[in-house]
1. Which net charge results for the neighbourhood of D112, defined as the other residues with beta-carbon distances under 13 angstrom from its beta-carbon, given Lys and Arg at +1 and Asp and Glu at -1?
2. For a quick check of understanding: with a 1.4 angstrom probe and all protein chains in place, what accessible area in square angstrom does E145 have, to the nearest ten?
3. Could you compute how much accessible surface M161 exposes when probed at 1.4 Å, giving the result in Å² to the nearest 10?
4. Just to confirm the filter: which trypsin sites (Lys or Arg not before Pro) across the stretch 78-153 are DSSP coil and have at most 14 other Cβ within 10 angstrom of their Cβ?
5. Specify, per residue and in Å³, the volume enclosed by the convex hull of the alpha carbon atoms belonging to the stretch 116-178.
6. Of all the accessible heavy-atom surface of the stretch 132-191, with the other protein chains kept in place and a 1.4 Å probe, what percent is carbon and sulfur?
7. Between beta-carbons, use under 9 Å as the cut-off and find the net charge around T168, counting Lys and Arg +1, Asp and Glu -1.
8. If you take the beta carbon distance between N49 and E11 as r and set R0 to 45 Å, what does 1/(1 + (r/R0)^6) give as a FRET efficiency, to the nearest 0.05?
Amino acid sequence: MRSVALSRSVEGGQVSDIQSDEEFQLPYWMKLVRLGDRFTSLVSQDGVNWQMVGTANVSLPEKTYVGLVADAAKRNNEVERYNASVFSNVTITPLPDDFPTPPGNVSATAGDRQVTLTWDPVDVANGYNVKRSEKPGGPYSQIAEQIKGLSFTDTGLTPGMTYYYVVTAVNAHGESFPSTEVGSVPTGQVE
């Protein structure tokens with residue numbers, strides 16, 4: 001079983017979907033987090049370790065109604081009784097108004113055996129974490145934490161290899177979701 005995040009920007013509009021790469025066994029946990037107009041969907045096999053499925057920006061009023069749906073994936077959206085889903089432990093927990101959002105406009109500039117990252121400030125951030133992967137989409141390893149500025153240079157890299165980065169904002173309430181991923185290929189001579 002795979003998790004799928006569905007969204008549409010207007011009522012009756014075209015539905016877009018994002019499917020997770022990881023397969024899950026039932027039961028599993030789902031989480032939908034709203035920060036402003038950004039909705040992030042997550043799934044977990046144990047309710048502790050969460051994997052982000054996708055994000056969507058949807059302009060909605062502050063007061064919004066939500067519901068849970070189970071679909072047996074019948075062709076042409078025909079409704080049939082293919083499952084008997086049970087939702088339990090459903091809660092709605094408001095986040096603090098100053099919970100950090102992901103940094104925007106992250107960019108990566110290649111240099112000699114290095115990549116320099118820059119990003120826009122998040123007003124409520126106390127610092128930023130930088131995470132790197134050698135594969136697009138992760139998994140990411142944290143390579144720097146609690147950076148106070150708006151840039152970071154990752155050094156000692158292999159020339160010609162592509163590195164992928166995300167940046168998160170941190171404050172007393174926690175860590176934001178990752179920024180949009182950026183990639184870069186360091187220059188230089190391979191030894």
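The values are calculated or read from the model by the stated rules, or taken from the named source; none is laboratory data. None of these values were measured; they are calculated from a predicted model. Ideal geometry is used to build each Cβ from the backbone, glycine not excepted, and the neighbour counts take in all protein chains shown. Quick note on the areas: whole protein, heavy atoms, side chains included, nothing else; ligands and nucleic acids left out. Shrake-Rupley method; radii C 1.70, N 1.55, O 1.52, S 1.80 Å.
1. Once positives and negatives cancel, what remains is -1.
2. Here the residue's solvent-accessible area equals roughly 120 Å².
3. Looks like 60 Å² after rounding.
4. Filter output for the stretch 78-153: R81, K148.
5. Dividing the Cα hull volume of the stretch 116-178 by its residue count gives 85 Å³.
6. Accessible surface attributable to carbon and sulfur in the stretch 132-191 totals 50 percent.
7. Computed value for this residue: 0.
8. Efficiency for this residue pair is about 0.80.
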